[in-house]
Amino acid sequence: MDSDWQKVLAQLWRRLAGVREFSFTASNGPGSATDWRGHARGSVELEAGERRLLFRERAAFTSSGGHKVEMQNLYRWTLLPESLRLEHLRRGEPVLLFELQPVTEHGFRSVQPHLCGEDVYSAELLVGKSQLELIWQIHGPRKNERLHYHYW
């Protein structure tokens with residue numbers, strides 16, 4: 001990876017280290033058998049290391065039917081020489097979700113899909129002036145879902 005892409009990664013890393021809030025919208029498309037639709041807004045408690053960031057996300061999720069659920073997630077971001085790794089820490093065990101590589105100065109894409117049973121996850125991350133957008137796509141026999149995160 002040339003030094004220009006490493007600069008792009010370094011800039012994204014600095015932006016991630018400044019994140020304190022997030023929101024997301026969950027939606028599903030044709031063929032989905034889930035009811036994973038709604039939105040959330042919450043806070044990110046950040047724990048920073050040299051090449052690792054822990055995001056403790058807490059929010060109230062409101063389903064499309066108006067039902068509210070408290071939610072929390074623990075994500076670990078790791079800065080690698082040519083990419084950025086995102087893992088979900090479940091019960092203390094890391095589950096690799098994505099390695100994101102730069103494809104443009106302001107855009108990153110998952111290197112390969114994450115497989116969870118028969119479901120396939122992919123992602124892209126967009127760097128905007130005031131926020132970061134992480135967009136997940138989940139496809140499987142019962143799923144056609146999109147999670148659209150905004151971090152600032």
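What are the residue pairs meeting all of these: first residue in region 131-152, first residue in contact (Cβ under 8 Å) with a residue 24 or more places away in the chain and within 17 Å of LEU84 (Cβ to Cβ), second residue surrounded by 20 or more Cβ atoms within 10 Å (Cβ to Cβ) and among the β-branched types (Val, Ile, Thr), Cβ atoms under 9 Å, and 6 or more apart or on different chains?
From region 131-152, the pairs are TYR151/VAL44.
Kindly provide the set of residues from region 93-152 that are among the aromatic types (Phe, Trp, Tyr) and under 13 Å from LEU12 (Cα atoms), ordered by number.
PHE108, TYR151, TRP152
For GLU118, which of the numbered conditions (1) touching a Pro at 6+ places or on another chain (Cβ under 8 Å); (2) surrounded by 14 or more Cβ atoms within 10 Å (Cβ to Cβ) fails to hold?
Here GLU118 clears every test but (2).
Within region 64-93, take every residue that is in contact with a His (Cβ under 9 Å, 6 or more places away or on another chain) and modelled with pLDDT of 95 or more and give me the one that is surrounded by the fewest Cβ atoms within 10 Å (Cβ to Cβ).
Within region 64-93, the match that is surrounded by the fewest Cβ atoms within 10 Å (Cβ to Cβ) is ASN73.
Considering region 57-94 alone, what residues qualify as being touching a residue at least 12 places away in the same chain (Cβ under 8 Å) and of a type in the set (A, V, I, L, M)?
ALA59, ALA60, MET71, LEU74, LEU79, LEU80, LEU84, LEU86, LEU89
Output the residue which, of all residues in region 68-127 that are of a type in the set (D, E, K, R) and outside any strand (DSSP E or B), is nearest to LYS143 (Cα to Cα).
Step by step, filter region 68-127, then rank; the result is GLU118.
The values are calculated or read from the model by the stated rules, or taken from the named source; none is laboratory data. None of these values were measured; they are calculated from a predicted model. Cβ coordinates were reconstructed from backbone atoms using ideal geometry, including for glycine residues, and neighbour counts include every protein chain displayed.
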